[in-house]
1. When you go through Glu159, Glu150, Glu133 one by one, which is the residue that is closer than 15 Å to Gln24 by Cβ and in a loop (DSSP other than H, G, I, E, B)?
2. Please specify each residue of region 11-26 satisfying the condition of being among the aliphatic types (A, V, I, L, M), buried (at least 20 other Cβ atoms within 10 Å of the Cβ) and within 12 Å of Leu39 (Cα to Cα).
3. Note down all Cβ pairs under 8 Å where the first residue falls in region 37-63 and is more than 19 Å from Asn3 (Cα to Cα) and in contact (Cβ under 8 Å) with a residue 12 or more places away in the chain, the second is loosely packed, with under 12 Cβ neighbours inside 10 Å and of a type outside the set (A, V, I, L, M, F, W, C), and they're at least six residues apart or on different chains.
4. May I ask you to say which residue of Arg141, Arg179, Arg190, Arg173 is over 17 Å from the mean Cα position of the chain (by Cα) and either modelled with pLDDT under 90 or open to solvent by less than 50 Å² (accessible area, probe 1.4 Å) (or both)?
5. Report whether or not Leu30 is out of contact with any Cys (no Cβ under 8 Å at 6 or more places or on another chain), assigned to a helix (DSSP H, G or I), open to solvent by 30 Å² or more (accessible area, probe 1.4 Å) and modelled with pLDDT of 85 or more.
6. Could you check how many residues of region 144-168 are among the small types (Gly, Ala, Ser) and either in contact (Cβ under 8 Å) with a residue 12 or more places away in the chain or surrounded by 17 or more Cβ atoms within 10 Å (Cβ to Cβ) (or both)?
7. Is it the case that region 96-117 has a residue that's modelled with pLDDT under 85, assigned to a loop (DSSP other than H, G, I, E, B) and closer than 30 Å to Arg72 by Cβ?
8. Just give me the residues in region 52-72 being touching a Gly at 6+ places or on another chain (Cβ under 9 Å) and not in a loop (DSSP other than H, G, I, E, B), in sequence order.
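The values are calculated or read from the model by the stated rules, or taken from the named source; none is laboratory data. What you are looking at is a predicted structure, and each value in this text was computed from that prediction instead of being measured. All Cβ positions, even for glycine, are placed from backbone atoms using ideal geometry, and neighbour counts span all protein chains on display. In case anyone asks, the SASA skips ligands and DNA or RNA and just uses the protein heavy atoms, side chains included. Shrake-Rupley method; radii C 1.70, N 1.55, O 1.52, S 1.80 Å.
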Amino acid sequence: MPNAEFARELDPHRGYLLRVARLQLRDEALAEDVVQETLLAALSGGGFSGRSSLRTWLTGILKHKIVDAIRRKRREPAAASTFGNVESELAIEDFGALFGQSGGWDEPPADWGNPEEALGRREFFDVLDFCLEKLPPSTARVFMMREVMELETDEICKELAITANNLWVMLYRARMALRLCLEQNWFAGRSSRG
């Protein structure tokens, strides 16, 4: 594939990559730099084989660039935390209504059919992006660091200056909120999508 044509195919993914980078880095200039590095690596690397979607491949490159940026930032002199107050995101009582006295589901999760099939559909990722954007920023950031970037607990806690308990509560909240959002916005209407 010619370089100019490939560059045009990359352009529609820039906005998504920038949203992910902003969420993780909380620094507009650094997010722009990391996305630029990602797109340059994609153009110069020539490693796209088509075995995954272009977006998935670009996200993999971005993940490594973000991790490198976080590690570089950690080596710099410490500045005031940009993570903010997470206390408002730590209360898990909101999800208490989902469970009965015995700790089991009051109403079990909806039938998700074949999740593997959903992962192959672009529309699913649009709904997932929508659901991630509805999460509080700190909760979404923690979820992305753990589940997308696959950072270890100690690395996330050190970067965000939170305890492991805070991290696990935030991950729980993120997973529960994403589950509810996906059930309402994707799986509930799955029969109409095919």
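1. Working: Glu159 fails: in a loop (DSSP other than H, G, I, E, B); Glu133 fails: in a loop (DSSP other than H, G, I, E, B).
Among Glu159, Glu150, Glu133, only Glu150 is closer than 15 Å to Gln24 by Cβ and in a loop (DSSP other than H, G, I, E, B).
2. Of the residues in region 11-26, the ones among the aliphatic types (A, V, I, L, M) are 17-18, 20-21, 23, 25.
Among the residues that remain, those that are also buried (at least 20 other Cβ atoms within 10 Å of the Cβ) are: 17, 20-21, 23, 25.
Of everything in region 11-26, just one residue is among the aliphatic types (A, V, I, L, M), buried (at least 20 other Cβ atoms within 10 Å of the Cβ) and within 12 Å of Leu39 (Cα to Cα), namely Leu17.
3. Lys63/Glu150
4. Working: Arg141 fails: over 17 Å from the mean Cα position of the chain (by Cα); Arg179 fails: over 17 Å from the mean Cα position of the chain (by Cα); Arg173 fails: over 17 Å from the mean Cα position of the chain (by Cα).
Exactly one of Arg141, Arg179, Arg190, Arg173 is over 17 Å from the mean Cα position of the chain (by Cα) and either modelled with pLDDT under 90 or open to solvent by less than 50 Å² (accessible area, probe 1.4 Å) (or both), namely Arg190.
5. On the way: out of contact with any Cys (no Cβ under 8 Å at 6 or more places or on another chain): yes; assigned to a helix (DSSP H, G or I): yes; open to solvent by 30 Å² or more (accessible area, probe 1.4 Å): yes; modelled with pLDDT of 85 or more: yes.
So Leu30 passes the test.
6. Taking region 144-168 first, the residues among the small types (Gly, Ala, Ser) are 161, 164.
Subset that is either in contact (Cβ under 8 Å) with a residue 12 or more places away in the chain or surrounded by 17 or more Cβ atoms within 10 Å (Cβ to Cβ) (or both): 161.
Result for region 144-168: 1.
7. First pass over region 96-117, keeping only residues modelled with pLDDT under 85: 96-117.
Right, trim to assigned to a loop (DSSP other than H, G, I, E, B) and you get 100-104, 106-114.
Retained after the next criterion (residues that are closer than 30 Å to Arg72 by Cβ): none.
Within region 96-117, none of the residues are modelled with pLDDT under 85, assigned to a loop (DSSP other than H, G, I, E, B) and closer than 30 Å to Arg72 by Cβ.
8. Step one: filter region 52-72 for residues touching a Gly at 6+ places or on another chain (Cβ under 9 Å), giving 52-53, 57, 61.
Passing the criteria: Trp57, Ile61.
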